[in-house]
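Encoded as structure tokens, the structure appears first; notes follow it.
The values are calculated or read from the model by the stated rules, or taken from the named source; none is laboratory data. Computed from a predicted structure; not experimentally measured. Here Cβ is always computed from backbone atoms with ideal geometry, including for glycine, and neighbour counts include all displayed protein chains.
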Amino acid sequence: MRPADLAREHGISTQAVRNYERDGFLPPAERTPSGYRIYTALHAAALRAFLALVPAYGHATAGLVMAALHAARPDEALTAIDRGHAQLLRDRETLTAVRRAVDHLSAEQAEPVEIHGARPGPSPRPLQGPLSIGELAHRLGLTPATLRSWETAGILTPPRDRATGHRLYHPEDIRDAELAHLLRRGGYPLPHIATVVQQIRTAGGTAGLAEALDGWQHRLTARGRAMLTAAAFLDAYLSLSTDPPDWSAGEPAGRSGSGTPTGAK
């Protein structure tokens, strides 16, 4: 196969295919005596796997997975995939807890509810607090600068310690930060998030929040389906190499000692 043959299947450019090989997302291609690349069914399967990984885990993680496999670091690739599934689970639990928070606020119940690590049940455990800005940033996997920017946008309104002047994030502030983090990952702009968080605080109507949460629910479902699809394509690619060589010896993944792509004859 030529680069154009692989590119045509996915509607991408031939240069993109070359770039993917250069970056390690595809196994190295052999060359003709005149220097032209020779792609095989193995390369076609690798490209399908990489492009299926992108909507499931993002471009950076998809590239990391493929490059790690081709560099004989399978555990690194699997760890990246595990992190993607863990993040999806965290997002689902957060979404469930936010919906529960809306129900509580709509019923004018002041009891704080747990956002992080929520589990199904009628009586969620309260959030722990107060937290410092560094502790909250670590909890969310963000930087303190991001939390300060959310404060500037009106999303967070943490009180200050009277003695030190440091920010203190109480359960309600942590809830707002978790909600903002969820919506930010969903692609919502800061002004919209500020409006939604204000609705949570005042419980003065949650139509906008319900719409935002429904949209994020669809995104989570789509990402979960994309992960299943990616797993199938990645397994198909790895299955082409029925007798993989010793990757630590430097041979390209999926090739036998003779240089012929295993499973692609």
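Observations on the structure shown:
- Cβ separations smaller than 8 Å between residues 6+ apart or across chains give the following pairs from region 1-15 residues that are surrounded by 13 or more Cβ atoms within 10 Å (Cβ to Cβ) to residues that are aromatic (Phe, Trp, Tyr) and assigned to a loop (DSSP other than H, G, I, E, B): Met1/Tyr39; Arg2/Tyr36; Arg2/Tyr39; Pro3/Tyr39; Asp5/Tyr39; Leu6/Tyr39.
- Within region 55-81, the residues that satisfy the criterion of being surrounded by fewer than 16 Cβ atoms within 10 Å (Cβ to Cβ) and part of a helix (DSSP H, G or I) are His59, Ala60, Pro74, Asp75, Glu76, Leu78, Thr79.
- Residues located in region 204-246, provided they are at pLDDT below 75, under 30 Å from Ile155 (Cβ atoms) and surrounded by 17 or more Cβ atoms within 10 Å (Cβ to Cβ): Thr206, Leu209, Ala212
- Number of residues in region 16-46 that are surrounded by fewer than 15 Cβ atoms within 10 Å (Cβ to Cβ) and in a loop (DSSP other than H, G, I, E, B): the value is 6.
Residue by residue, here is whether (1) on the phi > 0 side of the Ramachandran plot; (2) surrounded by fewer than 16 Cβ atoms within 10 Å (Cβ to Cβ); (3) without any contact (Cβ under 8 Å) to a residue 24 or more places away in the chain holds:
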| residue | (1), (2), (3) |
| --- | --- |
| Pro144 | no, yes, yes |
| Leu147 | no, no, no |
| Ala153 | no, yes, no |
| Leu156 | no, no, no |
| Arg167 | no, no, no |
| Ala177 | no, no, no |
| Leu182 | no, no, no |
| Tyr188 | no, no, no |
